[in-house]
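The values are calculated or read from the model by the stated rules, or taken from the named source; none is laboratory data. What you are looking at is a predicted structure, and each value in this text was computed from that prediction instead of being measured. As a convention, Cβ positions derive from the backbone with ideal geometry for all residues, glycine included, and neighbour counts pool all protein chains shown. Accessible surface is based on the protein model in full, side chains and every heavy atom, while ligands, DNA and RNA are left aside. Shrake-Rupley method; radii C 1.70, N 1.55, O 1.52, S 1.80 Å.
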Amino acid sequence: MPDTMSRILVFADWYLPGCKGGGSVSAISNLIELLGDEFHFYVFTRNRDNTEDQPYADVGFDQWVTVGKAKIFYASELSIRTIRQRIREVEPHIIYLNSFFSRLTMKTLLLRKCGLLPSSAVVLAPRGELSPGALELKSFRKWLYRKLAFPLGLYRNLVWQASSAHERETIQSSSIPGSSGGQDTILIAPDVPNSDVLSRAYSPQRPKKESGSARFVFLSRISRIKNLEFALELLGSAQGDIELDIYGPIGDPAYWEQCQERIRRLPDGVRVHYKGAVSPDQVIQIFSKYHFQILPTLGENFGYVILEAFAGGCPVLISDQTPWRDLSKVGAGWDLALNDRERWLEAIQSCVEMDQARYELFSQRARSYFEEWMSATPYRLRAVELFQKALEGLSSPRVPPALERSIGAGQ
């Protein structure tokens, strides 16, 4: 029988076995595990992890290799020529881009604009890059790119994936005033959690909580958008016996040096330790060792690590720049405005002064919040609808035959 399953070619700067690429790695791998029996997935990615100079050991690169339910191409170079060759090999029904500003995305959309690709639908997941906080970082460069890319039509005729209503709003407002952004379709499809891992790793045993002390954890990439320095400044202003352990890859060495300088100036009652990067399957077990997660992020499209904290029964202190809102109403934590320093200090002091009985209630509510979200969120259905919608509008400009022959002769 002929194979009727649609082919989806995923472009991602980083993928498994890497663990330093942020939440998008988990989102993509979980999606493939969930839908890998209904779609043929191919992943084009780098042959090394984020911030690493050396390629993965024991991984074949510059060839298609099978990993789980997908075929992966670990590329040693990301030229337009290589990208085009891989697309022509796969002949995907859908090209799935997982960044707005990635060079992979820019090159692929430029090839499409020039009519140099086979007919494929395009789905673009910005992964939080269009949030106000993210756009403030390297703002001129990002403004200039959008100023050029939108009027050129690079982002026309595609389906946008928003992981939440919060991100949909940021996508809708992302085009440069006066340009034709052309955001045809924006569908909400939440990041896919690994329900087996999230459920299996949970332990109701929490660290003992005494009034006057608290153990906090920061588990995320160390970069300006995650706002670790702000967390350090706040903890240094609180009263009590405070411990903070930091997990995550160092994505911005200059920013990490600023954080280290802040750590050196902290009072004796605040102890901070850097624990390094961790693999995704360790995350929930790590959360089980701490009382609270602290993450004053400048912007998250989904915040997979926040969901993992809830899964581990770990209440959170996060900014209001994520989809996870009104947490104090359900007793799972706090989501606070970044310009309200006093409210942050009050929340941190409440954490420190909390006793065992009250903490157990907070922890139980965090876990309950996770379970309710898992049962109420149709993430599988939304993912299927995302790709079905893209297939309904399948179209792509084709290159003139004369130009096609000249390009082929030049390769």
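Take the Cα coordinates of segment 239-380, assign each an equal point scatterer, and use the Debye formula without solvent to give log10 I(q)/I(0) at q = 0.16, 0.21 Å⁻¹. Listed by q, the Debye log ratios stand at -0.95, -1.62.
Relative to the compact-globule estimate of 2.2 N^0.38 Å, the Cα radius of gyration of the chain comes out at 1.03. Short-range pairs are left out: with C-alpha atoms under 8 Å and at least six residues apart, the relative contact order of segment 50-148 is 21 percent. A 1.4 Å probe run over segment 1-49, with the rest of the protein chains in place, finds 38 Å² accessible per residue. Helical content of the chain, expressed as a calculated mean residue ellipticity at 222 nm, amounts to -12000 deg cm²/dmol (DSSP H runs of 4 or more residues, -39,500 (n - 2.57) each, divided by residue number, nearest 500).
At 1.4 Å probe size, with every protein chain present, just tell me what the per residue accessible area of segment 54-108 comes to in Å².
Solvent-accessible surface per residue comes out at 46 Å².
When the chain is described by a simple charge dipole with +1 on each Lys and Arg Cβ and -1 on each Asp and Glu Cβ, the residue from Trp334, Pro267, Phe41 located farthest towards its positive end is Phe41.
Heavy-atom accessible area for Glu372, with the other protein chains in place and a 1.4 Å probe, reaches approximately 110 Å².
Only Lys, Arg, Asp and Glu count, each charged at its Cβ (+1, +1, -1, -1), so figure out the dipole size of the chain about its Cα centre, rounded to 20 debye. About 1160 debye. Here the relative contact order of the chain, from alpha carbon pairs under 8 Å that lie six or more residues apart, stands at 17 percent. For the chain, what % of the accessible area comes from carbon and sulfur atoms, probe 1.4 Å? Result for the chain: 49 percent of the exposed heavy-atom area is carbon or sulfur.
The heavy atoms of His273 offer some 80 square angstrom of accessible surface to a 1.4 angstrom probe. When both bridge partners sit in the chain, DSSP labels roughly 10% of those beta bridges antiparallel. Here the translational diffusion coefficient of segment 81-134 follows from Stokes-Einstein with Rh set to the Kirkwood radius across Cα pairs; for 4 °C and 1.567 mPa s it amounts to 110 µm²/s. For segment 55-94, what does the alpha-carbon gyration tensor say about shape, rounded, prolate or oblate, given a ≥ b ≥ c as the root eigenvalues, a/c under 1.5 as rounded, and a/b over b/c as prolate? In terms of gyration-tensor shape, oblate.
For the pair segment 120-168 and segment 16-76, the centres of their Cα atoms are 23 angstrom apart.
Heavy-atom accessible surface of segment 212-284, averaged per residue, reaches 41 Å², computed with a 1.4 Å probe. Between helix 341-353 and the chain, what is the angle of the helix's C-alpha long axis to the longest principal axis, kept within 0 to 90° and rounded to the nearest 10? The two axes meet at around 60 degrees. Hand me the chymotrypsin sites (Phe, Trp or Tyr not before Pro) from segment 1-87 located in a DSSP loop with no more than 15 other Cβ atoms within 10 Å, in residue order please. Sparse-neighbourhood loop chymotrypsin sites (Phe, Trp or Tyr not before Pro): none present. Between 0 and 90 degrees, rounded to the nearest ten: what's the tilt of helix 379-392 against the longest Cα principal axis of the chain? Tilt relative to the chain: about 20 degrees.
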